[in-house]
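The block underneath contains the structure these notes are about, expressed in structure tokens.
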Amino acid sequence: MNPTHDDAAVVFPELRRMADELRVRIHLAGLDARDAWAELEIRMQGLEERAAVLGARAKDQLALVRAGLEHELRALADGLPRKGDGRGGVGLSSN
């Protein structure tokens, strides 16, 4: 007997292969997100340190750097899934 496309002998191995591939892709996406987060944390710390040292003299420059960093944080958050949502983006509140 020759298995058809809908037979369990064909369907389950194919579903397992798809699930395994998805598991690897999710793992790799998580690694990329962790790397991006680590880099952003370092940049945030540097911004805080510069602000403390430079004070008001660099207010405009720090505002530009802050805007760029905020944009990157939001982009990273938009790429992460929301809890219970199934769609992309964790969302960040505006302060």
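Quick note: the coordinates plus some simple rules give every number you see, no bench work behind them. Computed from a predicted structure; not experimentally measured. Glycine also receives a Cβ, built like all others from the backbone with ideal geometry; neighbour counts cover every protein chain displayed.
Worth pointing out:
- Annotation: peptides 52-64, 35-47, ranked by per-residue average of other Cβ atoms within 10 Å with the highest first, follow the order 35-47, 52-64.
- For segment 8-78, pairs of C-alpha atoms spaced more than 15 angstrom apart make up 67 percent of the total.
- Placed amide H near Leu80: partners under 5 Å, 5+ positions off or other chain: Gly89, Val90
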